[in-house]
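Visitor: Sharing a structure here in structure tokens format.
The values are calculated or read from the model by the stated rules, or taken from the named source; none is laboratory data. Predicted model, so just to flag it, every value in this text is computed and none were measured. Cβ: placed from backbone, ideal geometry, glycine included. Neighbour counts: every protein chain shown. The accessibility values were calculated without ligands, DNA or RNA, using every heavy atom of the protein model including side chains. Shrake-Rupley method; radii C 1.70, N 1.55, O 1.52, S 1.80 Å.
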Amino acid sequence: MTSIPDITLNNGQTIPQFGFGVFQIEPQDTVAAVSTALEAGYRHIDTAEMYGNEAEVGEAIAKSGLERGEVFVTSKLSNDSHEPDEARQAFEGTLKALGTEYVDLFLIHWPLPARYGGDIAATWRTLEEFYREGRARSIGVSNFQPHHLRRLHGETQIIPAVNQIEVHPYLTQDDVRAFCAEHQITVEAWSPLGKGGVLGAPVIRSISERTGKTPAQVVLRWHIQRGDIVFPKSVTPDRIRENIGIFGFELSATDIADITVLNRNERTGPDPDKFDGR
Ligand SMILES: NC(=O)c1ccc[n+]([C@@H]2O[C@H](COP(=O)([O-])OP(=O)(O)OC[C@H]3O[C@@H](n4cnc5c(N)ncnc54)[C@H](OP(=O)(O)O)[C@@H]3O)[C@@H](O)[C@H]2O)c1
């Protein structure tokens, strides 16, 4: 297997462009799934307090025999903890659950415009504390639209290292991606397979047949060549191994364009401008 590329974030830290997502993996299944991923060569795990499986992610990493520094770990602030004191408590809880002294990346999970008076800058300044303390090696946001990012820019000091947003062939998010590129914010594409819903598209099937790669591998490769970071989720060992097998082939520029035009601005998750986090 050709190795997974690193991406350098706007603060100089590096992050593997490919990882493993653990949303909707039940706690009792998480140690097995993360262990399978680490054995297959994944070195980047994306979790969140709200996924309820941080402790099991930490347990799998501890059991793997890998050094802490060999695995890039992201977690996210719970929607119930945006108020600064609550955010500090939540962050302590995340470190404790993961059994680590630092996370590689810590994100505001959702902007939540209708809660906390919409004061995302106050929450962000709390993440800036974690960054200055060295307990979050990088900090970023998730589900932020350009207007949320502009607000941080006006009221806070550190530019988010990443914006983790829903991206897949049915939701290409080219406007948010262009804004992020202009401001040196790296995009992470969540639900990169559209939760599996994009895999039957005829264009993807036909590229899959021509290249001999599976539909999931074709879609993940499309993300990688567009420059986004991805972390597909699976509880199925064969799929966990299949999904990492995307570093020994290339899609043509025509393939990339043919997949990109599948966009229909169709979300699988909530609209960040409307979601109140509950
Ligand atoms: N920041 C946010 O708000 C946010 C929101 C959602 C997700 N995320 C992150 O993004 C990660 C990935 O997103 P996601 O879990 O929503 O969706 P996803 O990775 O796009 O899709 C996962 C689904 O696809 C199936 N699948 C995986 N590999 C496959 C393959 N090779 N062939 C066929 N089906 C396959 C999985 O089934 P099985 O598991 O049954 O194999 C599962 O049903 C999450 O785990 C989480 O870390 C972040």
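Visitor: Consider segment 161-191. How many of its residues are out of contact with any Cys (no Cβ under 9 Å at 6 or more places or on another chain), within 15 Å of the ligand (Cβ to nearest atom) and not polar (S, T, N, Q)?
Guide: Total satisfying the criteria: 13.
Visitor: With respect to Gly154, determine if the residue is more than 18 Å from the chain's Cα centre (by Cα), open to solvent by 10 Å² or more (accessible area, probe 1.4 Å) and at pLDDT below 95.
Guide: Working: more than 18 Å from the chain's Cα centre (by Cα): yes; open to solvent by 10 Å² or more (accessible area, probe 1.4 Å): yes; at pLDDT below 95: yes.
Yes; evaluated as a whole, the condition is true for this residue.
Visitor: Right, next: Can you name every residue in segment 29-60 that is of a type in the set (S, T, N, Q), within 14 Å of the ligand (Cβ to nearest atom) and open to solvent by 20 Å² or more (accessible area, probe 1.4 Å)?
Guide: Pass one, segment 29-60, residues of a type in the set (S, T, N, Q): 30, 35-36, 47, 53.
Subset that is within 14 Å of the ligand (Cβ to nearest atom): 30, 36, 47, 53.
Matches in segment 29-60: Thr36 only.
Visitor: Let me ask something additional. Using beta carbons and a limit of 6 Å, which pairs, at least six apart or on different chains, have the first residue in segment 204-217 and without any contact (Cβ under 8 Å) to a residue 12 or more places away in the chain and open to solvent by 50 Å² or more (accessible area, probe 1.4 Å) and the second one away from the ligand (no atom under 11 Å from the Cβ) and in a helix (DSSP H, G or I)?
Guide: Taking only residues 6 or more apart or on different chains, not a single pair turns up.
Visitor: Now for a separate question. Give all pairs with beta carbons closer than 8 Å in which a residue from segment 17-28 that is within 12 Å of the ligand (Cβ to nearest atom) meets a residue that is of a type in the set (D, E, K, R) and open to solvent by 50 Å² or more (accessible area, probe 1.4 Å); count only pairs at least 6 apart in sequence or on separate chains.
Guide: That search, which allows pairs on different chains as well, returns Gly19/Arg43; Phe20/Lys233; Gly21/Lys233; Val22/Lys233; Phe23/Lys233; Gln24/Lys233; Ile25/Lys233.
Visitor: If we keep just the residues of segment 239-270 that are more than 8 Å from the ligand (Cβ to nearest atom), assigned to a helix (DSSP H, G or I) and not β-branched (Val, Ile, Thr), which is least open to solvent (accessible area, probe 1.4 Å)? Lay out the reasoning, then the answer.
Guide: Let us first name the residues in segment 239-270 that are more than 8 Å from the ligand (Cβ to nearest atom), namely 241, 244-267, 270.
If we keep only those that are assigned to a helix (DSSP H, G or I) as well, we get 241, 253-260.
Applying the additional criterion that residues be not β-branched (Val, Ile, Thr) yields 241, 253, 255, 257-258.
Details: Arg241: 122, Ala253: 83, Asp255: 10, Ala257: 51, Asp258: 68 Å².
Restricting to residues being more than 8 Å from the ligand (Cβ to nearest atom), assigned to a helix (DSSP H, G or I) and not β-branched (Val, Ile, Thr), the top hit is Asp255.
Visitor: Hey, does segment 99-115 have a residue that's open to solvent by 50 Å² or more (accessible area, probe 1.4 Å) and in contact with a helix residue (DSSP H, G or I) (Cβ under 6 Å, 6 or more places away or on another chain)? So that I can check it myself, show each step before the final result.
Guide: First, the residues of segment 99-115 that are open to solvent by 50 Å² or more (accessible area, probe 1.4 Å): 99, 101, 113-114.
Still in the list and also in contact with a helix residue (DSSP H, G or I) (Cβ under 6 Å, 6 or more places away or on another chain): 99.
Looking for residues that are open to solvent by 50 Å² or more (accessible area, probe 1.4 Å) and in contact with a helix residue (DSSP H, G or I) (Cβ under 6 Å, 6 or more places away or on another chain), one finds at least one in segment 99-115, hence yes.
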